[in-house]
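Comments concern the structure below.
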Amino acid sequence: MFSGKSIELIRQVNRHKVAGKRVIVFNFSGDKRYSGTAEAKSFDGLSTWSIPAASCDEISARVDAEHEVIVIDEIQFFDDPTIDLLLEYVQSGKEVIVAGLNLDFRAKPFIFRGSTRTMADIMVHADSIFALHAICTFKNGHICGAPATRTQRLRDGRPVAADDPVVQIGSQESYEARCIRHHSVAPVTSGI
Ligand SMILES: [Zn+2]
């Protein structure tokens, strides 16, 4: 979040297109920017087209033998079999490029849907890993400005508790990029 990972993904897509590769791009369809259609839409407002998807099945239904490069944004929101599908693509000679978050707002590893596996299970198979960080926007007289490795989840300006559902797409809450010193999670509310 705020780290420029989608911009980096578009840069990679464009490099492969210049090289004449057949590229297919997916974004997570839970993202309200794209929901309600399975048609490809502009990813960057320009010439990068992206297909909304949310699962392994939706990806495999659109990828055919001609595709040489598979690109997926927000990979951490997909389901468990997606991890194995991507490995199969690599083994069959395709190139796979994904972008995603390592940690949720609690600073715990993002767990794939229906899974115990995390981004680490993809990263161990990667030839290259780029760690992109936003800037910590915590303000106490001045903006902190340290590399932000955490996502601060806020409701009404206050940190939410660790027992809040991890993914609430389209909710009224806000997120900020924070460094490890300025990331916090509210105590779990008990018993109700
Ligand atoms: Zn900070």
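Rule-based calculations on the coordinates, nothing more; no lab input. What you are looking at is a predicted structure, and each value in this text was computed from that prediction instead of being measured.
Brief remarks on what is shown
- Three-way shape call for the stretch 112-167 based on the alpha-carbon gyration tensor, with the a/c threshold at 1.5: oblate
- Taking 20 °C and 1.002 mPa s as conditions, the stretch 5-123 diffuses translationally at an estimated 147 µm²/s according to Stokes-Einstein applied to its Kirkwood radius (Cα pairs).
- Each Cα pair under 8 Å and six or more residues apart adds its separation to the average, and for the stretch 5-123 the resulting relative contact order is 24 percent.
- Volume per residue of the C-alpha convex hull in the stretch 47-192, rounded to whole Å³: 157 Å³
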